[in-house]
Amino acid sequence: MNVQTLERNASAASRQQGKGFVEVIDVVKKFGDAVALNHVNLTIEKNELFALLGSSGCGKSTLLRILAGFETATEGKILIDGEDLARVPPYHRPVNMMFQSYALFPHMTVERNVAFGLRQEGVPRNEITERVNEALDLVQMRKFAQRKPHQLSGGQQQRVALARSLVKRPKLLLLDEPMSALDKKIRQQTQFELMNILGKVGVTCVMVTHDQEEAMTMADRLAVMSEGEVVQIGEPTAVYEFPNSRFSAEFIGSTNLFDGVVVEDEPDHVYIESASLPVRLYISHGITGPLGMDVSVSVRPERVVLSRAKPQQPYNWVQGVVKDVAYMGSYALYRVELGNGRMVTANVAGMVLSQGEAPSYGEEVFVSWNESSGVVLTK
Amino acid sequence: MIKPSKPLSVSVLGLGYLFLYLPIILLVIYSFNESKLVTVWSGFSTKWYAALLDDDELITAAWLSLKIALMTAFAAVAIGTWAGFVLARFGRFRMLTLFTAMINAPLVIPEVIQGISLLLLFVAMEQMLGWPQGRGIFTIWIGHVMLCVSYVAIVVQSRVKELNMAYEEAAMDLGATPLKVFFVITLPLIAQALISGWLLSFTLSLDDLVLTAFLSGPGSSTLPLVVFSRVRLGLNPEMNALATIFILLVSIGVVAANQYMRASERRRAREMRMAFQNEPTVVETGDSPAMARSARGAGEPSLLTRKGAQS
């Protein structure tokens with residue numbers, strides 16, 4: 001019955017699904033003269049797992065701490081379920097956080113750690129026991145209820161921390177770099193487990209991470225942040241396939257960027273001339289912008305094809321010499337040097353490699369891609 | 001790299017220890033001397049220990065010292081913890097530097113000056129307010145607390161500074177008010193600093209002579225005062241016996257505390273090692289035999305979770 005109760009609550013909650021469960025409205029945070037957050041706006045839907053992605057110092061942790069109530073915003077508002085949280089202290093917020101270091105109280109057992117939040121609320125004793133057991137079952141840690149935190153492995157500590165932050169049934173769950181304290185080996189599996197548990201409980205989640213793979217794996221939507229500003233918001237695939245800026249393109253995955261000038265712009269295609277290429281760049285969708293505008297074109301390495309023969313198409317190719325080959329198992333990473341000294345990265349699939357047709361080090365090759373592979377970036 | 005010569009380092013080490021412990025060893029030996037003269041050995045005897053038991057003045061003084069030391073230790077820990085916590089946590093408030101300096105000052109101000117100034121204060125207060133009447137336990141206690149607060153504050157401050165804020169934030173996040181966080185989370189986590197601060201205050205108070213000399217009055221002679229006044233009249237083997245007993249008690253205390261701490265540290269390390277040895281089996285094996293096993297171990301839950309996952 002334990003897990004079912006949690007689930008019933010979750011489904012009841014998801015029935016009244018509406019937009020904008022959590023709203024971050026024009027939030028500015030200054031530390032003295034330094035601006036940590038610069039007019040940030042976010043709308044997070046109910047039961048969504050939303051990731052804040054960025055390198056260290058981009059303001060993502062500050063935003064998380066503002067949501068938790070440990071920092072106050074200099075300007076702007078935060079609404080959760082329609083309630084303005086500006087004046088609500090952290091100990092009265094319907095928000096719980098799983099800390100990067102887990103912050104399990106070392107002098108309490110697992111059970112007491114998980115019960116801590118409920119005891120502060122003055123929940124009756126028998127209900128506490130019931131809900132703690134329910135939460136520990138959810139993360140499969142009931143067997144360890146009487147252990148102290150130092151008697152647990154990293155993965156187990158993480159699950160206890162998760163149980164502790166879920167047991168109060170928060171409206172918003174905050175995850176601060178949830179995987180960073182774990183070994184790389186167990187990270188991926190833990191990501192899936194965490195997603196399963198969060199899905200089962202049905203809780204709105206904001207996660208902070210600097211690991212783009214983690215964000216891509218776990219998040220329903222993500223916001224790429226840089227220098228206190230949100231650069232792009234969208235679903236992971238959308239942000240990966242259609243980055244809106246050089247920063248997004250380079251931060252999420254790796255990419256090849258060609259700078260150029262728009263020479264022809266029609267509703268269904270655009271031609272761009274670049275100094276790096278002997279032919280024009282051709283992209284099968286239009287852009288909005290004047291002719292002669294400076295743009296960059298992003299082409300992902302997995303979209304790039306290497307061939308010994310000159311490509312048939314009159315666009316989107318360039319000649320070069322293979323400089324490095326890194327075998328990655330399922331694919332090989334090629335670095336091809338162009339005539340002007342620039343490097344282009346290409347992924348060659350394992351199948352091509354095994355057929356023995358892949359070019360080798362020092363060979364002259366043609367690098368090409370099709371008309372739907374390039375993305376035009378205007379800033 | 002220069003290799004230290006072994007005989008040389010051993011002899012230097014030996015000399016160092018001899019310098020430190022020879023006087024104490026001599027003192028212990030001479031406490032069993034039969035002669036009344038401290039420097040002449042005339043045979044083995046335990047009569048000075050027996051004499052100690054009959055010495056009412058010494059025993060009263062010892063009790064008084066113990067009482068003052070206990071009171072001082074508790075008061076100094078209460079006030080010092082407060083000060084240390086504020087210094088470590090309240091960021092850079094105005095006059096922080098001044099506050100820090102003033103908390104630390106008693107460490108460097110000569111005790112004689114502290115003693116004189118406190119004495120002047122108490123005398124002036126007595127003339128103006130009629131309180132405190134004369135000098136005694138109370139005034140000694142005030143002086144000792146004043147001295148010890150600095151030590152406690154420094155110990156607590158450094159411990160609180162290295163304490164991960166996340167524990168307190170987590171407690172607050174889970175609904176505990178700041179005051180509750182302090183008592184339920186912060187205090188237990190800095191308990192070791194409180195204990196060392198307590199012990200430090202206790203010993204400082206127990207053997208303080210200078211400050212006490214200024215602040216004591218008739219009928220409130222602490223042990224160090226009595227010992228000092230007697231030694232001025234001539235060395236007495238009884239003092240050697242007293243010192244030997246003290247050394248014995250302190251050694252037992254220190255060794256026991258060390259043993260206890262080392263044992264608990266070793267146990268903790270072992271438990272942590274065990275927890276992490278289990279990690280690969282728990283986490284690596286997919287979705288996951290180890291976890292299924294642990295769930296089955298707990299009885300019902302494995303069934304429950306599976307049902308939960310399907311519905």
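Every number in this text was worked out from the coordinates using simple rules, so none of it is lab data. Not measured: the values here are computed from a predicted model. Neighbour counts run over all protein chains shown; Cβ positions are idealised from the backbone, glycine included.
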- Task: Considering only A:ASP33, A:ASP211, A:ASP268, give the residue with the highest GNM mean-square fluctuation for chain A, with springs between Cα atoms whenever their separation is below 10 Å.
- Result: A:ASP33
- Message: Connecting C-alpha atoms closer than 10 Å in a GNM of chain B, tell me which of B:PHE246, B:PHE202, B:PHE74 has the biggest fluctuation.
- Response: B:PHE246
- Once both label points are put 7 Å beyond Cα along the C-beta direction, the B:THR60-B:PHE93 separation in nm becomes 4.6 nm
- Task: Straight distance only, please: which lysines reach the Cα of B:LYS161 with their own Cα at less than 22 Å, same-chain residues fewer than 8 apart left out?
- Result: B:LYS180
- Degrees between helix B:111-129 axis and first principal axis of chain B (Cα, 0 to 90, nearest 10): 80 degrees
- Item | Residue order, fewest to most beta carbons within 10 Å, for A:LEU257, A:LEU42 | A:LEU257, A:LEU42
- Item | 0 to 90° range, to nearest 10: angle between helix A:125-138 axis and chain A longest Cα axis | 20 degrees
- Message: Once each part is reduced to its C-alpha centroid, what is the distance from segment B:1-70 to segment A:200-221 in angstrom?
- Response: 68 Å
- Task: Please give, to one decimal in nm, the separation of the simple spin-label points placed at A:SER284 and B:LEU233, each 7 Å out from Cα toward the Cβ.
- Result: 11.2 nm
- Item | Nearest-0.05 FRET efficiency for B:SER11 and B:PHE246, computed from C-beta distance (R0 35 Å) | 0.70
- Sorted by Cβ density within 10 Å, fewest first, the residues B:LEU211, A:LEU281: B:LEU211, A:LEU281
- Task: Show that you can apply the helix-only estimate: for chain B, add -39,500 (n - 2.57) for every DSSP H stretch of four or more residues, divide by all residues, and state [θ] at 222 nm to the nearest 500.
- Result: -25500 deg cm²/dmol
- Message: So the label point goes 7 Å from the Cα of A:LYS310 along Cα→C-beta, right? Which residues of segment A:268-295 then have their backbone N under 14 Å from it?
- Response: A:278-280
- Two-site FRET efficiency, A:PHE31 against A:MET343, from Cβ-Cβ distance with R₀ of 35 Å, rounded to 0.05: 0.35
- Message: How tilted is helix A:110-121 with respect to the longest principal axis of chain A? Cα atoms for both, answer in degrees (0 to 90, nearest 10).
- Response: 70 degrees
- Query: What FRET efficiency comes out for the pair A:MET328/B:ALA101, r = Cβ-Cβ distance, R0 = 51 Å, nearest 0.05?
  - Reply: 0.25
- Cβ-based exposure ranking for B:LEU249, B:LEU235, in which fewest neighbours within 10 Å come first: B:LEU249, B:LEU235
- Item | Value at 222 nm in deg cm²/dmol, rounded to 500, when DSSP H runs of n ≥ 4 in chain A each add -39,500 (n - 2.57) | -8000 deg cm²/dmol
- Have a look at B:SER150, B:SER251, B:SER201 and tell me which one the Gaussian network model of chain B (Cα, springs below 10 Å) gives the largest fluctuation. B:SER251
- Item | Other protein chain Cβ atoms within 10 Å, averaged over every residue that makes up B:7-18 | 0
- So, in nm, how far is label A:SER55 from label B:ILE2 when the simple model puts each one 7 Å beyond its Cα toward the Cβ? 4.7 nm
- Query: Going highest first, how would you order B:18-26, B:31-39, B:173-181 by mean Cβ packing within 10 Å?
  - Reply: B:173-181, B:31-39, B:18-26
- Please give the length that would be gained between B:ARG266 and B:THR177 if that part of the chain were fully extended, namely 0.36 nm times their separation in residues minus their C-alpha to C-alpha distance (nm, one decimal). 28.5 nm
- Item | Ellipsoid equivalent to the protein assembly as shown - semi-axes via the Cα gyration tensor, in Å | 69, 31, 28
